[in-house]
Amino acid sequence: MEPQQPDTAQSISADEIALYDRQIRLWGVKAQEKLRSANILLITFRALANEVAKNLVLAGIGSLTIIDHESVTEEDLGAQFFINEEHLGQNRAQAAAASVRAMNPRVQLHIDTEDIHQKQPEYFTQFDITIATELDFATYTTINAACRIANRPFYAAGLHGFYGFVFADLISHDFVIERSKSNVQSTTQETPTRSILNITTKKESDKVIEMVTKRETYSPLILANTSPLPDEFTRIARKRKQVTPLLTCLRALWEYQKLSAGAIPTFSRQDLESFTKLANDLHQELKLDIATLDAGFLRSFLQNLGSELSPVAAFVGGSLAQDVINVLSAREQPLQNMLLFDGEKSVAPIYPLHPFFPPELPSVLAAVPPLANPIPLDNEPAMTV
């Protein structure tokens, strides 16, 4: 079924103002009106998408389309809250539909049980934002390309046990922030991707408030995935050591999937050696100290692949949904452009990954040889989360 566009002819009603009172106090009636007209596509309905759907539906978006062709399995019951044992064997999206609708009957909910791989590029033109979760790299980039052709914002996100990520490609996004008027003149170009388009002022009590319109420009995932870290993360040794090795491991996973038709590495000797070599090579491409990519983290990342943890899903899904709300309301600084979450360390750094190459670091870094195989293989049983 093709989702119908929400009716935006009428302004938000009094009962809607009462229903969404708390959030209207946060972002205003105009922002809420933008939310109620939004048509969102959510791909793959697992634990992460559960959290995204919950937050967007409760916020009062206009329409949500969930597409998932897979059936509910016992593994799905561990971290998802819209399904239970009675739904085993049923389509994952259809099984959750009644519970999603019950959260906010005002939101139009559409369920699509087709395989996302069968959708043509035109399919994505009908949605204001596409959120793709738990897919392989090739599928992410294919959908991202279709969204770019349609000039539609795109998010990719996924979980691997204690680890998770959110990537945003908003193409070009304008937003407004409010701040106290500064005596220092603002620069037109704040960062390589962010510029100031306009500044107006208003008076509140005795304060002069600036309304600053900014524009962020984005890169697609296929370019961001091969882009260097900005100079601010690699210029100083202390900063380099703070860069999470999760970025390297995620890139290594996606590179592995390119070579294995979307599969994830197992604990076979061949897979471990292949993944380790990819990770070492990519870590050095990022100009990071090889010592920060230790065997313990590599092992932990591999042991977490394909699993879901509710607390990690809650954080990553909540962060993604909040960014979508910010983008729809055109308020606040949006994600630029890769958020990585390490649940073991409880850190969530954001890296702006774009094909802007920083100055070369001293050649001593490039001369450090990669470890041939930092994951001990002999006499070590595979561990599970």
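Of note:
- Shape of the chain, Cα gyration tensor, a/c cut at 1.5: oblate
- Charge-dipole axis of the chain as Lys and Arg at +1 and Asp and Glu at -1 on Cβ define it, positive-most pick from Ala263, Asn104, Val212: Val212
- Dipole magnitude (debye, nearest 20) for the range 172-217, charges at Cβ of Lys, Arg, Asp, Glu: 80
- All other residues whose Cβ lies under 12 angstrom from that of Glu308 are scored, Lys and Arg at +1 and Asp and Glu at -1, for a net of -3.
- Computed over the range 172-217, the P(r) curve from all C-alpha pair distances, binned at 10 Å from the origin, holds 27, 51, 18, 3 percent per bin.
- In the chain, the DSSP beta bridges split such that about 65 percent are antiparallel, to the nearest 5.
- Charge tally for Thr276 (other residues, Cβ to Cβ under 13 Å; Lys, Arg +1; Asp, Glu -1): -2.
- Where trypsin sites (Lys or Arg not before Pro) fall in DSSP loop in the range 152-245, at most 13 other Cβ within 10 Å: Lys181
- Straight-line reach from Lys239: taking Cα to Cα under 30 Å and skipping same-chain neighbours fewer than 8 places apart, the lysines in range are Lys214, Lys277, Lys287, Lys345.
- Extension gain, Asp115 back to Ile236 (0.36 nm per residue minus Cα-Cα distance, nm): 38.9 nm
- Amide H within-cut-off set for Glu308, under 5 Å, with H built and near neighbours excluded: Gly161
- Here the dipole of the chain is about 1460 debye; that uses its Cα centre as origin and unit charges on the Cβ of Lys and Arg (positive) and Asp and Glu (negative).
- Think of each Lys and Arg Cβ as +1 and each Asp and Glu Cβ as -1; about the Cα centre, that makes the dipole of the range 128-269 roughly 480 debye.
- Likely footprinting exposure, Leu58, Leu109, fewest C-beta neighbours within 10 Å first: Leu58, Leu109
- Two-site FRET efficiency, Leu223 against Ser182, from Cβ-Cβ distance with R₀ of 41 Å, rounded to 0.05: 0.75
- Efficiency of FRET from Cβ geometry, Leu77 and Ile350, R₀ 25 Å, rounded to 0.05: 0.20
- With 20 Å as the limit on Cα-Cα distance, the pairs of Lys34/Lys203; Lys181/Lys207; Lys34/Lys54 that go past it are Lys34/Lys203.
Where a number appears in this text, it was derived from the coordinates with a stated rule and is not lab data. These numbers come from a predicted model, not from an experiment. Glycine gets a Cβ as well: all are built from the backbone with ideal geometry, and neighbour counts include every protein chain shown.
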